[in-house]
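K.L.:
One structure follows; several queries about it will come next.
Computed from the coordinates by the stated procedures, all read-outs in this text should not be read as laboratory data. In this text the structure is predicted, and so the values were computed from the model without any measurement. Because the Cβ atoms are built from the backbone with ideal geometry, glycine has one as well, and the counts that use them run over all protein chains shown.
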Amino acid sequence: MNKRPFSWIPPRYLFSPLSPADLMEKLAFQGEEIDRTIRAYTEQLTSSSRHARALVSHQPTDMPKGLSFRQGDLICLQEKLAPSGWCKGICGEKEGFFPANAVMLLPVPNQKGRK
């Protein structure tokens, strides 16, 4: 038999004056705070990124300067047209425009200490 049925709860909360509902709310808030920190960090890493990975395949049908690519392709970004939701980039030897939501920006590696 398990001697510590609540082993998933940090010990500092087991003998807390908080009610179970307050305790769960506090733990949920800490999780949200961690999520916000991670999102801010990854946004900072990707804000200056010049490369992206295709999340889905894209085949432009009515756009002569559209860039076609397959899911997983690496795309070198040339321009980010933020207000319109489109980007300009190169995939292989093709160049063109594509929707920004079809790709995931890749983080920029830390350059400190590199020569």
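K.L.:
Would you grab the residues whose amide H sits under 5 Å from the one on Gln78? Only those 5+ places off in sequence or on another chain, please, with H modelled 1.01 Å from N.
P.N.:
Here the answer is Lys88, Gly89, Ile90, since their amide H atoms fall under 5 Å of that of Gln78.
K.L.:
How would you rank Phe29, Phe69, Phe97, going from fewest to most other Cβ atoms within 10 Å of each one's own Cβ?
P.N.:
Numbers: Phe29 10, Phe69 23, Phe97 18.
Final ranking by Cβ density, sparse to dense: Phe29, Phe97, Phe69.
K.L.:
What full-extension length gain, to one decimal in nm, is calculated for Leu81 and Ile34 as 0.36 nm per residue of separation minus the Cα-Cα distance?
P.N.:
Taking 0.36 nm per residue and subtracting the Cα distance, the gain is 13.9 nm.
K.L.:
Listing Leu105, Leu77 from the residue with the fewest other Cβ atoms within 10 Å to the one with the most, what is the order?
P.N.:
So the ranking, lowest neighbour count to highest, is Leu77, Leu105.
K.L.:
Set the Förster distance to 22 Å, then compute FRET efficiency between Asp62 and Met104 from the Cβ-Cβ distance, nearest 0.05.
P.N.:
With R0 = 22 Å, the Cβ-Cβ based efficiency is 0.30.
K.L.:
Something else: Need one word for segment 50-105: rounded, prolate or oblate. Basis is the Cα gyration tensor (sqrt eigenvalues a ≥ b ≥ c); a/c below 1.5 gives rounded, then a/b vs b/c decides. If you can, show how the numbers build up before the last one.
P.N.:
Values: a/c = 1.25, a/b = 1.01, b/c = 1.23.
Verdict is rounded for segment 50-105.
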